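Written out below as structure tokens is the structure these notes cover.
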Amino acid sequence: MKFLYYLSSLLLIKAELHAQQLKFTTALHRENEKVTIYREWPSRQLIDTLRLTGNSFTYKLPAGAGVYSVQLRKPFMDAVLLEEGETVTISMTNDTAVVISGGALQRKWNDFEKAMKPDEKAWNEWGHKYEVASNLEEKLKANTESNRYAEKVQGARLAFVLANAGNLAGAWMGYYYAFAWSPSDLDKLVPAFQQQAAAKTTYSRLRDKQAAVAAFNMTGKKAPVFTLPAITGDAVALDSMFGQHQYVLLDVWASWCTPCRATNRKLAPLYEKMNKKGIGFVSVSVDEKRELWEKAVEADKIPWTQLRSEEGMKSEFVKQYKVQSLPATFLIDKNGTIIQQHIEIADLEKL
């Protein structure tokens, strides 16, 4: 299950040589309500606090490029606001909608947000269905649909950042979603911001994320060898499989991991064909309860070697393979070298 978060309203403010005018009106907040203004980019800091006069306020932002947010409570509003030298206006209507106007770049941002709303809504709805699902079949369907919309939204965000890497909109989105970019996304984003002198903060954050990902990357390293109990009761050593196959797919999973169960069911019909072509399969469950593991193996009709690390996610096996989330897959060659991590079924079929 992929969980990503987004702000309901985003507006970036780029101050030019002089301070920019910010005008706010609200139909829902009371007289003297506290307003907090932060600078969010290139670094977060409190800029000012003020009070509403009637149902509005006017404020001059500091000079210099940056991204700012305006926050109020009762009801809560967090508008992260973009402006190219024109007056920024924000209004909050009776139905809690936040309406923001500004320059050409702001309009581009607004158009992007509007285009994303249907897919973001569907993503959230399927995520909720996943959380309340009462059985595995419902969870599998909700997980598939949630992931489909997540990939669609995240793909659109990536395209927007790459197309706007030279302006503040792209710099802010790249920075804000740094926690969510995949390794392949980072491989595209880091070079895009490397030459953007005005976006050093974004480049640094993306590089930090890339370094964090690399710290858990096992590709190119020797696969740590281990011996674990199989579902049959026998002890099986990983290196005993290297001489029997051209490649070995090591899959780390658990009965409670819905994406893992979906992968099991997709791989099971392909196992015999891939095995004949030289790919051996071995799964290691991190279930702490043996009965849950056995029940899941039977339900998913998994035909290949099944092992279990009894200490679960705290086991030495998990530490050796630097497993951070499930499912985790490692493709190992006959020499015992991990040649690919997080491999997809489509990659196996191509192989």
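The values are calculated or read from the model by the stated rules, or taken from the named source; none is laboratory data. Given the structure is predicted, the values throughout are model-derived calculations rather than measurements. We place every Cβ from the backbone using ideal geometry, glycine too, and count neighbours over all the protein chains shown. Accessible surface is based on the protein model in full, side chains and every heavy atom, while ligands, DNA and RNA are left aside. Shrake-Rupley method; radii C 1.70, N 1.55, O 1.52, S 1.80 Å.
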Every residue from the stretch 65-86 that is open to solvent by 10 Å² or more (accessible area, probe 1.4 Å), in contact with a Leu (Cβ under 9 Å, 6 or more places away or on another chain) and closer than 29 Å to Tyr203 by Cα: Ala65, Asp78, Glu84, Gly85
Members of the stretch 255-288 found to be among the aromatic types (Phe, Trp, Tyr) and surrounded by fewer than 20 Cβ atoms within 10 Å (Cβ to Cβ), listed by number: Trp256, Tyr271
Some residue of the stretch 319-332 being open to solvent by 30 Å² or more (accessible area, probe 1.4 Å), assigned to a helix (DSSP H, G or I) and either more than 21 Å from Met218 (Cβ to Cβ) or without any contact (Cβ under 8 Å) to a residue 24 or more places away in the chain (or both): yes
Of the criteria (1) closer than 19 Å to Phe226 by Cβ; (2) open to solvent by 10 Å² or more (accessible area, probe 1.4 Å); (3) not in a helix (DSSP H, G or I), which one Gln340 fails: (1)
Lone qualifier among Leu250, Leu307 - being modelled with pLDDT of 95 or more, within 18 Å of Val225 (Cβ to Cβ) and within 24 Å of the chain's Cα centre (by Cα): Leu250
Complete set of residues in the stretch 289-303 that are open to solvent by 10 Å² or more (accessible area, probe 1.4 Å) and either touching a residue at least 24 places away in the same chain (Cβ under 8 Å) or of a type in the set (A, V, I, L, M) (or both): Leu292, Glu294, Lys295, Val297, Ala299, Lys301, Ile302, Pro303
Test: residue in the stretch 237-253 that is closer than 30 Å to Tyr130 by Cα and among the aromatic types (Phe, Trp, Tyr): yes
Unique match (being touching a strand residue (DSSP E or B) at 6+ places or on another chain (Cβ under 8 Å), open to solvent by 10 Å² or more (accessible area, probe 1.4 Å), assigned to a strand (DSSP E or B) and not hydroxyl-bearing (Ser, Thr, Tyr)) among Leu249, Leu228: Leu228
Asp95 in a loop (DSSP other than H, G, I, E, B) and without any contact (Cβ under 8 Å) to a residue 60 or more places away in the chain: yes
Members of the stretch 41-64 that are of a type in the set (S, T, N, Q), within 19 Å of Ala198 (Cβ to Cβ) and open to solvent by less than 60 Å² (accessible area, probe 1.4 Å): Ser43
Single condition Lys74 does not satisfy, out of (1) within 17 Å of Leu52 (Cβ to Cβ); (2) in contact with a Phe, Trp or Tyr (Cβ under 8 Å, 6 or more places away or on another chain): (2)
Residues of the stretch 185-200 classified as farther than 13 Å from Gly170 by Cβ and open to solvent by less than 60 Å² (accessible area, probe 1.4 Å), total: 3
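Are any residues in the stretch 290-318 farther than 16 Å from Thr232 by Cα and not in a helix (DSSP H, G or I), and if so, which ones?
Restricting attention to the stretch 290-318, the residues satisfying the condition of being farther than 16 Å from Thr232 by Cα are 299-300, 311-318.
Answer for the stretch 290-318, where residues must be farther than 16 Å from Thr232 by Cα and not in a helix (DSSP H, G or I): Glu311, Ser315.
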